[in-house]
Amino acid sequence: MQELRGRVAVVTGAASGVGRALARALLGEGMKLVLADVEEPALQATADELGALGEVSSLVTDVRRFEALEALADHTWAAFGGCHLLCNNAGVSVAQLEVWDTTPNDWSWVHGVNVHGVVHGIQAFVPRMIEAGEEGLVLNTSSGDGGIQPLATQSVYASSKAAISTLTECLDAQLAARTRLRAAIFYPSGGLLPTGIWTTRRNRPEELARERPVPDGSETTFDEFMESMKKIGIELPVQDLDELARFTVEGIKRGDFVIMIRREEMERQLVERARRLAAGENPTGVIPSL
């Protein structure tokens, strides 16, 4: 999609973090935007802010529910007459725990948003986009944590993002065979990201509340994590979200299937994973503290 001006984009998880930055960058390209998020006050504030930059509409959307994505598609077509860029970006996470310390609701919530939410977006939007017969793109947000190399302490989140990477490969191959649409994987990258993913428990629905309290120290905010690293003498790079969003827009315009800062560095990691798998080894290794 080399030409974005005048076209329509939908961004889920748009009220904060990467989603908000991506929406801002797309507005800068002259696109019309539909913003979706489950967090109503933050969504309204973002829509008000970005509305000064271009044509913006918004709808409170719980991506776990297919009917909510159908309503979002209806809203998009009513507002702007179509969709050319669907950004399935909404995502949540839970505490870092051993698998046996996670609970059924941890899995239901995270996979409900991170996996089912993407599938629901595809199911609600792609048939209409195909019918329109125009060039378009489905951009699915994955993560290097799972999509490339899982962190052993993030089994719930990492497995959801591994699913999105595989799903997007399949989707793109299918779309390329018979439509004018394509799909791409977006790996937020470049350094630590100061986003709402660190505190997504604020939006966890009551019916999926954790069945028992998390152990002390297993949940932390971005600022708390950065402070803990400084105390032990580790300075970690932080990626500016607007810069990441502009990089992502350029990847969309180039037609990249994988959009990731310094993606060439994944080759060494993936080759080593392949070597260890071929040797019958676990490429994720062992957590030293266990």
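Working from label points 7 Å from Cα in the Cα-to-Cβ sense, the residue 169 to residue 254 distance is 2.1 nm. Sorted ascending by nearby beta carbons within 10 Å, beginning with the fewest, 32, 253, 161 become 253, 32, 161. Between the helical axis of 266-278 and the longest alpha-carbon principal axis of the chain there is an angle of about 60 degrees.
Relative to the present Cα-Cα distance, how much length would full extension add between residue 71 and residue 240 at 0.36 nm per residue of separation? Walk me through the numbers on the way to the answer.
Numbers: separation 169, 0.36 × 169 = 60.84 nm, distance 3.26 nm.
Result: 57.6 nm gained on full extension.
Karplus-based coupling profile of region 140-151, in residue order and whole Hz: 9, 7, 10, 7, x, 6, x, x, 10, 8, x, 7, with θ = phi - 60° in 6.51 cos²θ - 1.76 cosθ + 1.60 and x standing for Gly or Pro.
To the nearest 500 deg cm²/dmol, what mean residue ellipticity at 222 nm is calculated for the chain from DSSP H runs of n ≥ 4 alone, each contributing -39,500 (n - 2.57), summed and divided by the residues? Before the final figure, lay out the partial values.
Details: 10 runs with 128 residues, N = 290.
Result for the chain, helices only: -14000 deg cm²/dmol.
Applied to region 177-191, the Karplus parametrisation 6.51 cos²θ - 1.76 cosθ + 1.60 on θ = phi - 60° returns per-residue 3J(HN,Hα) values of 6, 8, 9, 9, 9, 9, 10, 9, 9, 10, 9, x, 7, x, x Hz, with x for Gly and Pro.
Grab the other residues whose beta carbon is less than 11 angstrom from that of residue 15, score K and R as +1, D and E as -1, and report the net. Could you put the intermediate results ahead of the total?
Working: positive: 20; negative: 37, 39, 40, 49.
Net local charge, residue 15 excluded: -3.
Annotation: extensible slack from residue 267 through residue 220 equals 13.8 nm (criterion: 0.36 nm per residue apart, minus Cα-Cα distance). For the chain, the longest principal axis of the Cα atoms and the long axis of helix 40-51 meet at an angle of about 50 degrees. Extending 7 Å from Cα along the Cβ direction at residue 78 and again at residue 284 yields two label points whose distance is 4.3 nm. As a proxy for reagent exposure, 266, 1 were ordered by neighbouring Cβ count within 10 angstrom, fewest first; the result is 266, 1.
Defining a contact as two alpha carbons under 8 Å apart and six or more residues distant in sequence, what relative contact order in percent does the chain show?
Values: 506 pairs, mean separation 55.9, N = 290.
RCO, the chain: 19 percent.
Under 14 Å from the Cβ of residue 269, count the other residues' Cβ atoms, weight Lys and Arg +1, Asp and Glu -1, and hand me the total. It would help to have the intermediate numbers written out before the result.
On the way: positive: 262, 263, 268, 273, 275, 276; negative: 145, 264, 265, 267, 272.
Charge balance in the 14 Å sphere: +1.
Compared with the dominant Cα axis of the chain, that is its longest principal axis, helix 17-28 is turned about 30°. May I ask you to derive the FRET efficiency for residue 48 and residue 202 from their Cβ-Cβ distance with R0 = 30 Å, giving the value to the nearest 0.05? With R0 = 30 Å, the Cβ-Cβ based efficiency is 0.90.
Coordinate-derived values only; no laboratory data. From a predicted model like this one, the values you see are computed outputs, not experimental measurements. Every residue, glycine as well, gets a Cβ built from its backbone with ideal geometry; the counts of neighbours run over all protein chains shown.
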